[in-house]
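Taking it in order: structure first as C-alpha cells, then the write-up.
Read-outs: derived from the displayed coordinates by stated rules, not from any lab. The structure displayed is predicted, hence computed values, not measured ones. For neighbour counting, all protein chains shown are included, and Cβ atoms are generated from backbone atoms with ideal geometry for every residue, glycine included.
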Amino acid sequence: MIATINEALAQEFEVEVSDITPEANIKDSLHLDSLALVDMVALIESIYKVKISGKDINRIKTFGDLYDVISEQINT
C-alpha cells in the first residue's frame, strides 16, 4: 500500500519518491496549497475507492498520518 501511494503522489506532484517518508510533512514535501490538497485526496480516494472525510483530512500532517487514515478506511 505504501509503495503504491508514494509512487502515485510522486508522479502526480512531480517529486522524488525518496522525499516521501512517513515523518515528512505532506504539504511541504509535495508543495501543496489548499487546492492541491484536494487533488491529493481525490487521487487517494480514486486509487483505494475510499472516502476521506474533512475530519480525517485535518488529521493528516505527515505521510505516516495519511497511511494511517487510508488503512483505517480500507479496514472499515
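Quick notes on this one:
- Cross-link partners of LYS61 among lysines, defined as those whose alpha carbon lies under 20 angstrom from its own and excluding same-chain residues fewer than eight positions apart: LYS27, LYS51.
- Karplus-derived 3J(HN,Hα) values for region 3-10, using 6.51 cos²θ - 1.76 cosθ + 1.60 with θ = phi - 60°, are 4, 5, 4, 4, 4, 5, 5, 4 Hz; glycine and proline are entered as x.
- Couplings for region 49-61, taken from phi via the Karplus curve 6.51 cos²θ - 1.76 cosθ + 1.60 with θ = phi - 60°, read 6, 10, 10, 9, 6, x, 4, 5, 4, 5, 6, 7, 10 Hz in order; Gly and Pro are left as x.
- Inverse of mean 1/r across different Cα pairs in region 2-74, Kirkwood, Å: 12.0 Å
- For THR62, residues with placed amide H under 5 Å, excluding near neighbours: ILE26
- For region 1-55, GluC sites (Glu not before Pro) are listed when DSSP marks them as loop and at most 10 other Cβ atoms sit within 10 Å of their Cβ; the list is GLU14, GLU16, GLU23.
- Theoretical ellipticity at 222 nm over the chain - DSSP helices of four or more residues, -39500 (n - 2.57) apiece, nearest 500: -19500 deg cm²/dmol
- Charged side chains reduced to their Cβ positions (Lys and Arg at +1, Asp and Glu at -1) give the chain a dipole of some 380 debye around its Cα centre.
- Neighbour counts of C-beta atoms inside 10 Å place LEU37, LEU66, LEU30 in the sequence LEU37, LEU30, LEU66, starting with the fewest.
- Candidate cross-link partners of LYS49 among the aspartates and glutamates, defined by an alpha-carbon separation under 16 Å and a same-chain spacing of 8 or more, comprise ASP39, ASP68, GLU72.
- Footprinting exposure proxy for LYS49, LYS27 (fewest neighbouring C-beta atoms within 10 Å first): LYS49, LYS27
- Taken one residue at a time, the phi angles of region 33-41 give Karplus couplings (6.51, -1.76, 1.60, θ = phi - 60°) of 9, 5, 5, 5, 4, 4, 4, 4, 4 Hz. Gly and Pro are set to x.
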